[in-house]
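J.: Below: one structure in structure tokens.
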Amino acid sequence: MVENAIVDSDKNASTNRGPKMISENTNVFYGDKQALFDINLEIGQNEVTALIGPSGCGKSTFLRCLNRMNDVIDICRVTGKITLDGDDIYDPALDVVQLRARVGMVFQKPNPFPKSVYDNIAYGPRIHGVGNTKAELDEIVQSSLERASLWNEVKDRLDEPGTGLSGGQQQRLCIARAIAVNPEVILMDEPCSALDPIATAKIEELIDELRMNFTIVIVTHSMQQAARVSQRTAFFHLGELVEVGDTAEIFTNPKDDRTQGYITGRFG
Amino acid sequence: MTDMTTPKAERAATIRRPDLSAARINRRYGAEKRFRAYGLLAIGAAIAMLAILLFSIVSKGYSAFVQTYVQLEVTLTEAEIDPDRTGDPEVIRNANWRKITFESLRAEFPDVKSRSETRQLFGMISGNAPIAVRDYVLDNPDAIGTTASIWVKVSDDIDTFNKGFIDRNLEEDDRRVKDNEIVWFDTLDGQGRVEAKFNTTLFTSGDSREPEQAGVLGAVVGSLLTLIITLVLSFPIGVMAAVYLEEFAPKNRLTDLIEVNINNLAAVPSIVFGLLGLAVFLNFFGLPRSAPVVGGMVLALMTLPTIIIASRAALKAVPPSIREAALGLGASRLQAVTHHVLPLAMPGMLTGTIIGMAQALGETAPLLMIGMVAFIVDIPSGFTDPATVLPVQIFLWADAPQRAFVERTSAAIMVLLTFLVCMNLLAVLLRKRFERRW
């Protein structure tokens with residue numbers, strides 16, 4: 001593949017049509033233990049927002065609040081307010097299924113369904129009533145795979161199980177599966193942690209392309225990755241949001257000592 | 001990424017190196033060898049016991065698959081069978097077949113005169129023989145007026161004697177086949193008129209007081225009908241309960257209590273379920289006694305905990321990442337379960353169900369309580385007909401006094417085992433099918 005596209009954080013492109021999601025004073029508790037403390041964060045439209053921080057700092061927890069994936073954990077409790085286009089996503093009247101159709105997610109470990117490549121992609125559109133004819137579905141599958149730059153590699157093996165692909169292909173399959181639903185926001189929880197550098201480069205390139213159409217929030221342990229793909233970076237530490245700002249700013253001129261310490265590798 | 005490992009030679013002096021002495025290695029190898037030997041020993045012991053079990057059953061039971069027949073020269077005179085030459089099967093059916101059959105046997109041995117000897121002679125052939133002769137004539141009406149050679153079954157004692165299970169050298173008082181019977185038998189045998197044929201009766205008829213007329217078909221059909229009811233009730237209920245408890249129910253004290261009680265139910269002696277069935281299904285709801293429908297319901301109660309526990313284990317084994325993937329795409333919880341979790345858990349659920357069904361197939365005690373232990377000759381034709389099941393049939397035959405039932409008991413066990421093997425094969429096939437879809 002092309003050794004390509006360590007794209008700079010070009011802030012001047014697109015963006016800044018106002019925040020897509022806003023978190024106000026979000027607290028998360030697992031039972032008696034508080035995992036997140038008063039998180040206030042704005043996620044800009046058509047931007048890549050990177051969440052960085054040492055292990056256990058709550059960045060994945062925060063990410064999972066954004067499409068209420070924490071709901072499945074019985075002991076998890078969320079207070080505060082998170083809005084998507086101004087609508088409170090924790091409003092009891094809101095249908096969580098619709099929320100997740102608008103806020104998609106890609107997980108740390110590639111988790112394709114043990115079905116064919118085709119069915120993996122077609123599953124989302126099917127359950128949301130998109131693509132009622134075979135031709136429409138075919139088109140959605142192809143365009144999603146193309147957008148995830150996987151089409152050329154799998155176009156001859158759409159009937160083979162998705163679990164038979166390589167790790168990097170599986171993760172791109174999962175991204176294709178997420179974008180097949182056409183969500184507005186895509187949440188990525190360390191999408192490259194299980195991948196080799198080449199696959200990682202492909203996915204990073206992909207993330208940058210997807211920014212045109214989607215708002216992306218990515219959790220990453222790799223500061224280089226955050227620097228490469230994101231426009232804004234938020235640094236979490238011990239359940240608190242320490243600092244948030246333009247990526248270039250955070251990495252070159254952090255305001256907080258803890259951020260400084262983390263990005264220079266002194267702790268974390 | 002940069003290479004972070006730098007040689008730290010200065011530290012090497014203080015490092016404690018692993019003990020790589022030969023003694024330690026030998027000890028480790030010894031332990032591994034011993035462990036492997038224990039494993040092989042355990043497997044060997046298990047296989048040996050299974051082999052002993054199978055050998056004992058087969059060696060006792062194989063003789064039940066043959067039945068001794070004797071050829072009778074039956075004089076079919078028209079005057080006796082159909083005096084008015086009507087040709088009507090009803091008339092033929094009502095002829096005195098007992099007399100005709102016994103006369104032909106007596107004709108073989110003209111010197112048998114006394115009443116007791118005659119009774120002994122007639123006792124050598126099965127009570128079913130006149131019916132066999134009648135059926136022969138009904139099938140071949142042209143034979144009337146001729147002398148036909150018809151093969152009829154011998155009685156169970158003679159059959160046992162022919163199979164060599166009664167020692168002719170014993171004192172006459174100690175054996176069930178008396179001296180004169182042996183003489184008559186030898187005479188017939190010498191004329192080549194005794195033959196062991198495949199015992200079709202064993203597979204085509206129901207129970208009987210006469211061993212040579214007893215078969216397992218009634219019990220097989222009874223078992224089948226009972227298991228159908230068990231499966232139809234316990235599989236959906238068990239899977240539904242497991243899915244709800246595992247995927248939807250909140251984890252609180254109530255669900256904990258339910259879980260503990262399900263585990264307890266799995267250990268309740270099966271006879272308790274039988275008593276429950278007796279009290280509730282028969283006495284309260286007034287369902288028919290001895291019927292497969294009630295037996296199936298009782299066995300379903302008994303099987304449910306097994307199926308629920310196995311199904312929950314299968315659901316737990318589905319990686320959470322699959323649920324998250326589905327939920328993350330905007331699938332509802334029900335969709336995530338029915339589209340992804342359930343198909344993945346299905347092989348495990350089927351295995352659990354088959355284990356439960358195999359358990360139900362071999363269950364006797366609860367069925368005794370609801371009357372499925374009755375002596376039932378007719379082959380059940382529906383779920384509410386009186387029926388018995390294979391293990392109960394085995395239990396009944398094992399209890400029967402006649403020597404000929406010993407081999408039939410073993411034969412019935414073989415049939416039961418075959419039934420079991422077929423069920424397990426079916427389970428394996430089903431599992432393979434479900435797994436191949438992925």
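The values are calculated or read from the model by the stated rules, or taken from the named source; none is laboratory data. Note that the structure is a prediction, hence the values are computed from the model and not measured. We place every Cβ from the backbone using ideal geometry, glycine too, and count neighbours over all the protein chains shown. Accessible surface is based on the protein model in full, side chains and every heavy atom, while ligands, DNA and RNA are left aside. Shrake-Rupley method; radii C 1.70, N 1.55, O 1.52, S 1.80 Å.
J.: Given the alpha-carbon gyration tensor of the stretch B:90-148, what are the semi-axes of its equivalent ellipsoid in whole angstrom, ordered largest first, with each equal to the square root of 5 times an eigenvalue?
T.: For the stretch B:90-148, the semi-axes come out at 23, 12, 9 Å.
J.: Just to confirm the filter: which GluC sites (Glu not before Pro) across the stretch A:118-149 are DSSP coil and have at most 12 other Cβ within 10 angstrom of their Cβ?
T.: Loop-located and lightly packed - none at all.
J.: Whole Å is fine, so just give me how far the alpha carbon centre of the stretch A:66-127 lies from that of the stretch B:130-207.
T.: Computed from Cα coordinates, the inter-centre distance equals 79 Å.
J.: When we measure straight from the Cα of A:Lys20, which lysines land under 24 angstrom away, once same-chain ones fewer than 8 places off are left out?
T.: Result set, ordered by chain and number: A:Lys11, A:Lys59, A:Lys81.
J.: Taking only protein heavy atoms into account and a 1.4 Å probe, give the accessible area per residue of chain B in Å².
T.: 54 Å²
J.: Which residues make up the longest stretch of chain A clear of trypsin sites (Lys or Arg not before Pro) that lie in a DSSP loop with no more than 16 other Cβ atoms within 10 Å, not counting the sites?
T.: With trypsin sites (Lys or Arg not before Pro) excluded where exposed in loops, chain A gives A:18-154 as its longest stretch.
J.: Report in % the part of the accessible area of the protein assembly as shown that belongs to carbon and sulfur, leaving out ligands and nucleic acids; probe 1.4 Å.
T.: On the protein assembly as shown, the fraction of accessible area on carbon and sulfur atoms equals 57 percent.
J.: If you project the alpha carbons of the stretch A:121-268 onto their three principal axes, what span does each projection cover, largest first, in Å?
T.: 56, 29, 24 Å, listed from the longest principal axis down.
J.: Give the separation of the Cα centroids, the stretch B:238-259 to the stretch B:261-305, in Å.
T.: 23 Å
J.: Am I reading the B/A interface right? What is its buried accessible area, both sides, 1.4 Å probe, to the nearest 100 Å²?
T.: 1800 Å²
J.: Hey, how many Å between the Cα centroid of the stretch A:162-238 and the Cα centroid of the stretch B:391-438?
T.: 57 Å
J.: Go through the stretch B:107-185 and name the trypsin sites (Lys or Arg not before Pro) that are in a DSSP coil and have 12 or fewer other Cβ atoms within 10 Å of their Cβ.
T.: Answer by residue number: B:Lys113.
J.: Same structure again: Given a Förster radius of 60 Å and the C-beta distance between B:Lys99 and B:Thr255 as r, what FRET efficiency does 1/(1 + (r/R0)^6) yield to the nearest 0.05?
T.: Once the sixth-power term is evaluated, E becomes 0.20.
J.: Further, regarding this structure: What area, in nm² and to one decimal, does the C-alpha convex hull of the stretch B:217-434 cast on average over all directions?
T.: Result: a mean projected hull area of 13.5 nm².
J.: Go through B:16-26, B:359-369, B:322-332, B:264-274 and give me the packing order, highest mean Cβ count within 10 Å leading.
T.: The packing order, highest mean first, is B:322-332, B:359-369, B:264-274, B:16-26.
J.: Can you give the extra length, in nm with one decimal, that the chain gains between B:Asn263 and B:Glu195 once fully stretched, where that is 0.36 nm per residue apart less the Cα-Cα distance?
T.: Extra length from B:Asn263 to B:Glu195 when fully extended: 18.9 nm.
J.: In the stretch B:62-103, with Lys and Arg counted as +1 and Asp and Glu as -1 at Cβ, which of these residues, B:Gly87, B:Phe65, B:Phe102, has the Cα nearest the positive end of the dipole, that is, farthest along it?
T.: B:Phe65
J.: Mean shadow of the protein assembly as shown, computed from the convex hull of its alpha carbons, in nm²?
T.: 51.7 nm²
J.: Another question, then. Kirkwood Rh, Cα Rg: Rg to Rh for chain A?
T.: Ratio of gyration radius to Kirkwood radius: 0.96.
J.: Amide H to amide H, which residues 5 or more places from A:Ala50 or on other chains are under 5 Å from it, using H placed in the peptide plane?
T.: Residues meeting the amide H criterion: A:Ile218, A:Gln231, A:Arg232, A:Thr233, A:Ala234.
J.: So for chain B, taking the charge dipole from beta-carbon charges (+1 Lys/Arg, -1 Asp/Glu), which of B:Gly348, B:Ala219, B:Leu426 sits furthest toward the positive end?
T.: B:Gly348
J.: List the GluC sites (Glu not before Pro) in the stretch A:190-247 that DSSP assigns to loop (not H, G, I, E or B) and whose Cβ has at most 13 other Cβ atoms within 10 Å. Which are they?
T.: Sparse-neighbourhood loop GluC sites (Glu not before Pro): none present.
J.: Add -39500 (n - 2.57) for each DSSP H run of 4 or more in chain B, then divide by its residues: what number comes out at 222 nm, to the nearest 500 deg cm²/dmol?
T.: -19000 deg cm²/dmol
J.: In Å, what Rg and Dmax follow from the Cα atoms of the stretch B:66-205?
T.: Gyration radius and largest Cα-Cα distance of the stretch B:66-205: 16.0, 53 Å.
J.: Any aspartates and glutamates with Cα under 20 Å of the A:Lys255 Cα? List them, leaving off those in the same chain fewer than 8 positions away.
T.: Cross-link targets: A:Asp38, A:Glu42, A:Glu240, A:Glu243, A:Asp246.
J.: Taking amide H positions as placed 1.01 Å from N in the peptide plane, with prolines and chain starts having none, which residues 5 or more places from A:Gly44, or on another chain, fall under 5 Å of its amide H?
T.: A:Lys20
J.: I've got another one for you. Length gain on complete extension for the stretch B:Ile25 to B:Asn283, per 0.36 nm per residue less the alpha carbon to alpha carbon distance?
T.: Difference between extended and current length: 85.9 nm.
J.: Do you know which residues of the stretch A:69-109 lose at least 10 square angstrom of accessible area in the protein assembly compared with their chain on its own, with a 1.4 angstrom probe?
T.: A:Met69, A:Val72, A:Asp74, A:Val97, A:Arg100, A:Met105, A:Phe107
J.: Next up: Among DSSP beta bridges whose residues both lie in the protein assembly as shown, state the antiparallel percentage, nearest 5.
T.: Around 70 percent of the beta bridges assigned by DSSP in the protein assembly as shown are antiparallel ones.
J.: Where does chain B land on Rg(C-alpha)/(2.2 N^0.38 Å)?
T.: Taking the Cα Rg and dividing by 2.2 N^0.38 Å, one obtains 1.47.
J.: Considering only B:Leu276, B:Leu257, B:Leu233, give the residue with the highest GNM mean-square fluctuation for chain B, with springs between Cα atoms whenever their separation is below 10 Å.
T.: Maximum fluctuation in the GNM of chain B, among the listed residues, is at B:Leu257.
J.: What translational diffusion coefficient, to the nearest whole µm²/s, does the stretch A:46-177 have by Stokes-Einstein, given a Kirkwood radius computed over alpha-carbon pairs, a temperature of 25 °C and 0.890 mPa s viscosity?
T.: Rounded, D is 148 µm²/s.
J.: Which lysines, on any chain, are close to B:Lys432 with Cα under 17 Å apart, when same-chain ones fewer than 8 places away are left out?
T.: List returned: A:Lys115.
J.: Just the number, please: Stokes-Einstein D of the stretch B:130-205 in µm²/s, Kirkwood Rh from C-alpha pairs, 20 °C, 1.002 mPa s.
T.: D, rounded to a whole number, is 147 µm²/s.
J.: In nm, give the distance between the simple-model label positions of B:Lys113 and A:Asp159, each being 7 Å from the Cα along the Cα-to-Cβ direction.
T.: Using points 7 Å along Cα→Cβ, the separation is 9.0 nm.
J.: Need one value for B:48-55: mean number of C-beta atoms belonging to other chains within 10 Å of its residues' C-beta atoms.
T.: Shielding by partners across B:48-55 averages 0.
J.: To continue, here is another question. Taking the Cβ-Cβ separation of A:Asp91 and B:Tyr62 as r and a Förster radius of 56 Å, what is the calculated FRET efficiency to the nearest 0.05?
T.: Given R0 = 56 Å and the Cβ-Cβ separation, E is 0.15.
J.: Continuing with the same structure: Would you calculate the convex hull of the Cα atoms in the stretch B:121-266 and tell me its volume per residue in Å³?
T.: 193 Å³
J.: Divide by every residue of chain A the summed helix terms, -39500 (n - 2.57) for each DSSP H run of at least 4, and state the resulting mean residue ellipticity at 222 nm, rounded to the nearest 500 deg cm²/dmol.
T.: Taken over chain A, the calculation gives -10000 deg cm²/dmol.
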